[in-house]
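Down below is the structure, laid out as structure tokens.
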Amino acid sequence: MFFASGSGSNFQAVIDAIENNEIDADISGLITDNENAGAILRAKNHNININVIRDFGTDLSIEQLVNQLSEWQPDLIVLAGFLKKIPDEITRLYPNKIINIHPSLLPKYGGKGFYGNHVHQAVLDYGDTLSGCTVHFVNEKYDEGKIIKQKTVDVLPNDTAESLANRVLSEEHKLLPEVIKQILNQTN
Ligand code: GAR
């Protein structure tokens, strides 16, 4: 199952990989904290269950989350552009079962405030010549769980946060399905 807050292009990359028979899996559902997330339309288009959890992080929302996850019984929980912190209650219930994709070479540019173009602007501000994306396990500490796999992207002299974000995002769309396949033990 997936968590997503935004456009859901990473979510879509995994849907496509499943529909192209590159990954053998079913997506039990999508949880979002944002009723306007583009990911919702993508889930609807592919008949995937959707649960919009408002006020994410409150006690009530945590109870809803625990109940939904126990109903869906996921083998793997994927954060694909999910911008809120997963409550500790959930990370404790699902150790080594939650993964997140992040648009930088962690441990660089991770943690609170580093999401979306904030990450890419920081990379440009520091003058890094290399960036990329990371998939890692999720634990109680924001963006600090064990790194599973990364892909690198050169930073070009004329890059803006947007142009760099687009190139990193293309690599994310390859990395996330690759890692899911690896975790589900479906690599050759
Ligand atoms: C992706 O770049 C993802 O790495 C990033 O949000 C974007 C979501 O795009 N995630 C974070 O910044 C998490 N801290 P998408 O909705 O099109 O998949």
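Read the figures in this text as sums done on the coordinates, not as results from a lab. Only a predicted model underlies this, so the values are computations on that prediction, with no experimental measurement involved. All Cβ positions, glycine included, derive from the backbone under ideal geometry; neighbour counts span all protein chains shown.
Using only the Cα atoms of the chain, build the gyration tensor, take square roots of its eigenvalues as a ≥ b ≥ c, and label the shape rounded, prolate or oblate: rounded if a/c is under 1.5, else prolate if a/b is larger than b/c, else oblate.
Prolate.
As I understand it, the value is the acute angle between the Cα axis of helix 9-19 and the longest principal axis of the Cα atoms of the chain; what does it come to in degrees, rounded to 10?
Value to nearest ten degrees: 60.
With axes computed from alpha carbons, what is the tilt in degrees of helix 161-183 against the longest principal axis of the chain, rounded to the nearest 10 within 0 to 90?
50
Separation between the L83 and D154 pseudo-spin-labels, each 7 Å from Cα along Cα→Cβ, expressed in nm?
3.2
What is the stretch 19-72's relative contact order, in percent, from Cα pairs under 8 angstrom and six or more apart in sequence?
33
Given the rule -39500 (n - 2.57) for each run of at least 4 DSSP H residues, summed and divided by the residues of the chain, what is its mean residue ellipticity at 222 nm, to the nearest 500 deg cm²/dmol?
Calculated from helices alone, the mean residue ellipticity at 222 nm is -12000 deg cm²/dmol.
I want to check the label-to-label distance for N49 and I147. Put each point 7 Å from Cα in the C-beta direction and report it in nm to one decimal.
3.6
Near the amide H of G81, under 5 Å away, which other amide H atoms are found, from residues 5 or more places off or on another chain, if H is placed in the peptide plane?
Sorted by chain and number, the residues that satisfy this are I101.
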